[in-house]
1. Could you please find all residues in the range 78-121 being at pLDDT below 95 and under 16 Å from Ala38 (Cβ atoms)?
2. Please count how many residues of the range 96-121 are within 16 Å of the chain's Cα centre (by Cα) and outside any loop (DSSP other than H, G, I, E, B).
3. Which one is farthest from the chain's Cα centre (by Cα), of the residues in the range 38-67 that are part of a strand (DSSP E or B) and more than 19 Å from Val97 (Cβ to Cβ)?
4. Within the set of pairs 6 or more residues apart or between chains, which connect a residue that is farther than 30 Å from Ala77 by Cβ inside the range 93-121 to a residue that is in a strand (DSSP E or B) and at pLDDT 95 or above with Cβ atoms less than 9 Å apart?
Amino acid sequence: MRKLMSFVPVTVLNLVVAVAITGYASSAAAVDTKGVIAGRVVDSSGAILQGAQVQLQSKGLTIASNERGEFSLPDLAPGNYKVQVSYVGFKPYETEVTVAAGELKHVDITLEVASANEEYW
């Protein structure tokens with residue numbers, strides 16, 4: 001009887017560890033199915049452009065760059081995306097970005113000042 005009692009706690013412990021590892025692997029796999037496009041918006045002199053409008057065309061999502069000129073577009077299914085960036089007084093910028101599952105795609109964007117006869121936002 002004593003041998004049986006010492007066997008039970010070890011078996012239960014092994015079962016708990018196996019379930020915990022399986023649960024962790026499942027949640028880690030779920031996180032890796034989405035990607036992120038992130039970056040920074042600056043002008044040609046390297047000055048930060050806070051409030052630049054960053055638009056993800058296929059999702060109709062528009063966000064503004066933060067006080068450091070940074071932006072993040074999370075929770076993206078793998079695929080190709082068109083990113084458009086605009087800021088008052090600057091030429092609009094557009095680029096194609098391919099995102100893979102679990103990937104953080106970093107995109108640094110430099111906007112050029114629009115000339116006096118060009119009208120952008």
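1. none
2. Adding up the residues that qualify gives 10.
3. Asp43
4. Short answer, once both residue conditions are applied: Glu112/Asp43; Glu112/Phe90; Glu112/Tyr93; Val113/Asp43; Val113/Phe90; Ala114/Phe90; Tyr120/Ser86; Tyr120/Phe90.
The values are calculated or read from the model by the stated rules, or taken from the named source; none is laboratory data. This one's a predicted model, so the numbers in the text were calculated from it and none came from an experiment. FYI the Cβ positions are ideal-geometry reconstructions off the backbone, even for glycines, and counts take in every protein chain you see.
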